[in-house]
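Only one structure is covered here, and it is reproduced in the block below.
The values are calculated or read from the model by the stated rules, or taken from the named source; none is laboratory data. None of these values were measured; they are calculated from a predicted model. Neighbour counts run over all protein chains shown; Cβ positions are idealised from the backbone, glycine included. Just the protein is used for accessible areas: all its heavy atoms, side chains included, with ligands, DNA and RNA removed. Shrake-Rupley method; radii C 1.70, N 1.55, O 1.52, S 1.80 Å.
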Amino acid sequence: MNLFLFAAQLLNGLLDGFYYLLIALGLSLIFSLGGIVNLAHGAFYALGAYLAFLLTPYLGFFPVLVIVPLLVAGLGMVTERLLFTRFYKADPLYSLLLTFGLAMVIEQALRWYFGASPQAYSMPSVLTGQVFLGDFVYSRYRLFQIAVAIAVVAAVWVLLNRTAFGRIVRAGIQNPDILGAMGISLRPYLSAVAGIGIGLAGLAGVLMAPIYPVHPAMGAEILTAAFVVVVIGGLGSFWGVVVAALLVGLVKGFMIAIGQSAMSMAAIYLLMFVVLLLRPRGLMGERILRFE
């Protein structure tokens, strides 16, 4: 196999890993802080893609890249306030059933309005074409996607680790009772975390729309891989999710590069099995007292 083609496939896998990361970060934060298993996360990802498809002809790609994640984040905060808040102290199974039903409602609403046929979404002309690095050739748009994903993940890390907001969120993940004893209410932080997590899913939908067909069930396809990333990385660990997402992406890219694309998802599940066998909490999973 041509070495440059092999490297391109690995880079494509790494790109998939960044998308899994954008979605898995939100999943991990929402569950770690609120105990909500958000099966509707993939539906919000699909909603972001469809909103981009709907608004780009009027606003252009780059304004949509900012506006749509904010719209989806706002919808996520409304969802948290109206639905999630009722299930924070309940068995996570109930939130799983709730979000599964919400995912079905969003998917069927998209199918009703846009139809079941995939929609084509063109990438912006300024990002079309190839980048040549010697004999290595790679898509300009895919490099742009990787750069955006890195910038967003870095911004989330700064928010969680270098701000007062992040300190309260991390304390709330470990032991919310202590915050309550200090007179700090987690309610606004739960809404903000839901908005951030679901907004990241909307951003991933906008970025992926020019590469993959936009269709109502696209969220279900990526949600499974995102859950695998959360399980491998471990709950409560930012870097665990980052490492797991990139590792899953590289495994997928490697399997495609060696001509075993049909086995790429099986390889990811095998990786999860091995990690759980050796480290049941995941690669960097933290001990969360309220879940014990």
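Among the residues of the stretch 11-46, write down those that are of a type in the set (A, V, I, L, M, F, W, C) and open to solvent by 30 Å² or more (accessible area, probe 1.4 Å).
Of the residues in the stretch 11-46, the ones of a type in the set (A, V, I, L, M, F, W, C) are 11, 14-15, 18, 21-25, 27, 29-31, 33, 36-37, 39-40, 43-44, 46.
Listed by number, the residues that qualify are L11, L14, F31, L39.
Could you give me the residue pairs with C-beta distances under 6 Å whose first residue belongs to the stretch 6-35 and is within 20 Å of A220 (Cα to Cα) and in contact (Cβ under 8 Å) with a residue 40 or more places away in the chain, whose second residue is open to solvent by 20 Å² or more (accessible area, probe 1.4 Å) and of a type in the set (D, E, K, R) wherever it lies, and which are 6+ apart or on separate chains?
G13/K252; L15/R142; D16/K252
Within the stretch 37-71, work out how many residues are in a helix (DSSP H, G or I) and either under 17 Å from L27 (Cα atoms) or without any contact (Cβ under 8 Å) to a residue 40 or more places away in the chain (or both).
Step one: of the stretch 37-71, the residues in a helix (DSSP H, G or I) are 41-59, 61-71.
So of that shortlist, the ones also either under 17 Å from L27 (Cα atoms) or without any contact (Cβ under 8 Å) to a residue 40 or more places away in the chain (or both) come out as 41-48, 54-55, 57-59, 63, 66-67, 69.
Counting residues in the stretch 37-71 that are in a helix (DSSP H, G or I) and either under 17 Å from L27 (Cα atoms) or without any contact (Cβ under 8 Å) to a residue 40 or more places away in the chain (or both) gives 17.
For the stretch 72-105, what are the residues that are part of a loop (DSSP other than H, G, I, E, B) and either modelled with pLDDT of 90 or more or open to solvent by less than 80 Å² (accessible area, probe 1.4 Å) (or both)? Spell out how you get there, then give the answer.
Just the residues of the stretch 72-105 that are part of a loop (DSSP other than H, G, I, E, B), to begin with: 83, 87-91.
Scanning the stretch 72-105 gives L83, F87, Y88, A90.
Could you pull out the residue among A8, A52 that is surrounded by 24 or more Cβ atoms within 10 Å (Cβ to Cβ) and more than 22 Å from A154 (Cα to Cα)? Explain how you work it out, then say what you get.
On the way: A8 fails: surrounded by 24 or more Cβ atoms within 10 Å (Cβ to Cβ).
Matching residue, one of A8, A52: A52.
If you go through the stretch 169-205, how many residues are crowded, with 19+ Cβ neighbours inside 10 Å and over 17 Å from F31 (Cβ atoms)?
4
Residue pairs, Cβ under 9 Å, 6 or more apart or interchain, first in the stretch 127-155 and among the basic types (K, R), second part of a strand (DSSP E or B) and open to solvent by 60 Å² or more (accessible area, probe 1.4 Å). List them.
The qualifying pairs are R140/Q130.
Output the residues belonging to the stretch 206-261 that are open to solvent by 40 Å² or more (accessible area, probe 1.4 Å) and either within 24 Å of L33 (Cβ to Cβ) or in contact with a Cys (Cβ under 7 Å, 6 or more places away or on another chain) (or both).
Once the filter is applied, which keeps residues that are open to solvent by 40 Å² or more (accessible area, probe 1.4 Å) and either within 24 Å of L33 (Cβ to Cβ) or in contact with a Cys (Cβ under 7 Å, 6 or more places away or on another chain) (or both), the stretch 206-261 yields T224, F227, V231, L235, W239, V243, L246.
So which helices (runs of 4 or more DSSP H) stay within the stretch 106-211 end to end and still have 2 or more residues that are over 18 Å from the mean Cα position of the chain (by Cα) and at pLDDT 85 or above?
Working: elements: 140-161, 164-174, 176-181, 187-208.
It comes to 140-161, 164-174, 187-208.
Taking F31 as the residue in question, decide whether it is modelled with pLDDT under 90 and part of a helix (DSSP H, G or I). Full working, then the answer.
Details: modelled with pLDDT under 90: yes; part of a helix (DSSP H, G or I): yes.
Judged against the criteria, F31 is a match.
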